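All remarks here apply to the structure that follows.
What follows draws every value from the coordinates through simple rules; no lab data is involved. Since we're looking at a predicted model, the values are computed, not measured. Glycine gets a Cβ as well: all are built from the backbone with ideal geometry, and neighbour counts include every protein chain shown.
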Amino acid sequence: MSRFPINSTRLLERFLRYVKIGTAADADSKTYPSTKGQLELGRLLVEELKAMSADDVHQDEHGLVWATVPATVPSNLSGSLPTILFNAHLDTSPEAPGDNVKPQVIECYQGGDIPLPAGNTITTSGCPALLSMIGHCLVTTDGTTLLGGDDKAGVAAIMELAHHLIEYPSIPHGPIRILFTCDEEIGNGTGHVDMAKTQAIAAYTLDGSGSGELENENFSADQLVVRAIGHNIHPALGKGRMINASRGLAALIAQLPLASCSPESTAGREGFLHPYHISGGVGEAEVRILLRDFDTAKLDDHASIVTRAAAQVESQIPGIKFEIQRTRQYRNMSDSLKRHPLVVQLAVEAYAKLDIECKLGSIRGGTDGAMFSEKGLPTPNLSVGQHNIHAVTEFASLTEMTTAVAHAVELVQLWSNQRS
């Protein structure tokens with residue numbers, strides 16, 4: 001037990017404040033950040049960081065929130081202490097309602113399914129992790145909205161980490177950099193981050209589920225935009241003249257695998273291609289397709305499935321044409337972390353100091369940490385008690401959030417033993 005226990009009551013109060021501010025990202029917005037709520041939450045965090053006497057606190061022109069917790073261990077002739085960065089994102093998923101969140105606190109979970117006021121139920125069959133949470137303090141929604149634990153659990157944990165370290169200056173650590181990003185849920189979390197401004201040699205995102213989990217790899221990702229080009233004419237005159245782009249696109253999608261290489265049929269380390277958005281009409285139609293795999297080279301294999309399907313449909317429907325645009329999104333963080341093993345090693349050791357078994361994992365998706373890693377800042381992902389994310393049955397464990405803060409405190413102390 002630490003001489004300075006984490007203030008879980010204050011952590012809960014923070015979390016409840018933050019989730020009540022709607023910050024859902026908007027992929028169709030032309031602004032950055034994409035929604036005003038992210039700026040509102042950022043301003044609140046700036047006020048709180050200044051009140052706890054953090055250094056260099058500001059919200060930049062892009063809505064990113066920056067701060068520094070000064071080192072408590074001075075540099076000396078044997079070298080300076082490295083700066084470590086902690087990151088979480090302010091936005092929440094646009095896949096379910098995110099405004100007017102009404103959090104429900106279960107102070108001591110006794111087991112079983114959890115009925116929500118709106119009629120939905122969090123079930124142990126749908127979330128087996130509940131079986132290990134007897135006695136935890138849980139925060140749920142009322143069943144009509146997201147909770148926003150992804151990633152306001154991470155935001156609250158990092159804020160409490162900063163407050164805890166400032167409150168107890170006898171805890172040894174080097175400079176701690178804090179960065180809260182925007183629009184992570186729509187793939188724009190790091191586009192406006194000045195990497196030189198991070199000043200760090202390593203970073204950690206707090207954006208994971210459960211407790212004791214450390215994710216050190218993720219999917220590599222590209223996107224295809226497939227545009228079908230036809231010819232529109234009044235249907236009364238269509239014989240021999242109309243070329244229906246929507247029919248052509250439907251024929252292409254029908255040829256894509258469903259029993260394999262799809263989200264519906266894969267798990268673990270299996271990759272997939274995923275048509276997720278369709279629009280258009282007779283003259284033109286478009287589908288967006290995600291390509292995902294832990295093995296970056298296999299993205300080419302997934303893309304070739306689409307190009308072969310397009311060629312086959314072109315041979316079957318006279319006059320139909322397809323244009324395929326491929327966009328690079330992000331890459332597997334393991335490519336960077338393998339070159340910097342200490343970043344993961346110290347996180348594992350910090351769990352051991354808390355007598356928590358560390359579970360190394362892989363993300364079937366991406367985080368801001370994947371982008372940071374690709375840009376030269378090795379950044380694994382740490383668990384922070386999120387569960388059922390992107391659903392109105394989302395919930396968070398305050399018990400696991402508190403553990404996440406305690407883990408970060410141990411981690412920065414381990415980094416204080418490293419000298420550059």
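Here each label is just a point 7 Å from Cα along the line to Cβ, and for A352 and H277 those points are 4.5 nm apart.
Solvent-free Debye calculation, one equal scatterer per alpha-carbon of the stretch 238-319: log10 I(q)/I(0) at 0.14, 0.20 Å⁻¹ equals -0.52, -0.90.
Max-minus-min Cα coordinates of the stretch 134-224 on each principal axis give 45, 42, 22 Å, with the largest extent listed first.
Loop-located GluC sites (Glu not before Pro) across the stretch 34-124 with a Cβ neighbour count of 11 or fewer within 10 Å are E61, E107, with loop assigned by DSSP.
Find the Rg to Rh ratio for the stretch 190-305, where Rh is the Kirkwood radius over alpha-carbon pairs and Rg uses the same atoms. Rounded to two decimals, Rg over Rh is 1.16. Over the stretch 180-220, the Kirkwood radius and the radius of gyration, each from Cα atoms, give a ratio Rg/Rh of 0.98. Apply the a/c threshold of 1.5 to the C-alpha gyration tensor of the stretch 332-414 and tell me whether it is rounded, prolate or oblate. It comes out oblate by the Cα gyration axes. Helix 149-167 and the long axis of the chain differ in direction by around 20°, with both axes built from C-alpha atoms. Compactness of the stretch 58-132 was expressed as the Cα radius of gyration divided by 2.2 N^0.38 Å, which yields 1.87.
Percent of C-alpha pairs per 5 Å bin in the stretch 1-115, short distances first: 2, 9, 14, 17, 17, 15, 11, 8, 5, 2, 1, 0.
Would the stretch 1-50 count as rounded, prolate or oblate if I go by the C-alpha gyration tensor, calling it rounded below 1.5 in a/c and otherwise prolate when a/b exceeds b/c, oblate otherwise? Judged from the Cα gyration tensor, the stretch 1-50 comes out prolate (a/c at least 1.5, a/b above b/c). Principal semi-axes of the equivalent ellipsoid, √(5λ) from the alpha carbon gyration tensor of the stretch 277-409, are 42, 19, 11 Å from largest down.
Based on alpha carbons, the Rg and Dmax found for the stretch 318-359 are 21.0, 67 Å. Start at zero, step by 5 Å, and the Cα-Cα distances of the stretch 284-362 spread as 3, 11, 16, 14, 12, 10, 9, 7, 6, 5, 4, 3, 1, 0 percent across the bins. Subtracting the Cα-Cα distance of L258 and D60 from their residue separation scaled by 0.36 nm leaves 66.8 nm.
Note on K375: lysines with a C-alpha under 16 Å away, same-chain residues under 8 apart excluded, are K197, K338. With a cut-off of 14 Å between beta carbons, the residues surrounding A51 carry a summed charge of -1, where Lys and Arg count +1 and Asp and Glu -1. Taking 0.890 mPa s as the viscosity and 25 °C as the temperature, the Stokes-Einstein diffusion coefficient of the chain based on its alpha-carbon Kirkwood radius rounds to 107 µm²/s. Once a ≥ b ≥ c are taken as the square roots of the eigenvalues of the Cα gyration tensor of the stretch 97-179, is the result rounded (a/c under 1.5), prolate (a/b larger than b/c) or oblate (a/b not larger than b/c)? It is prolate, given that a/c is not under 1.5 and a/b is the larger ratio. Only Lys, Arg, Asp and Glu carry charge here, each on its Cβ (+1 for the first two, -1 for the last two); on that basis the stretch 259-389 has a dipole of about 220 debye about its Cα centre. The amide H of A24, built 1.01 Å from its N in the peptide plane, has T92 as neighbours under 5 Å, considering only residues 5 or more places off or on other chains.
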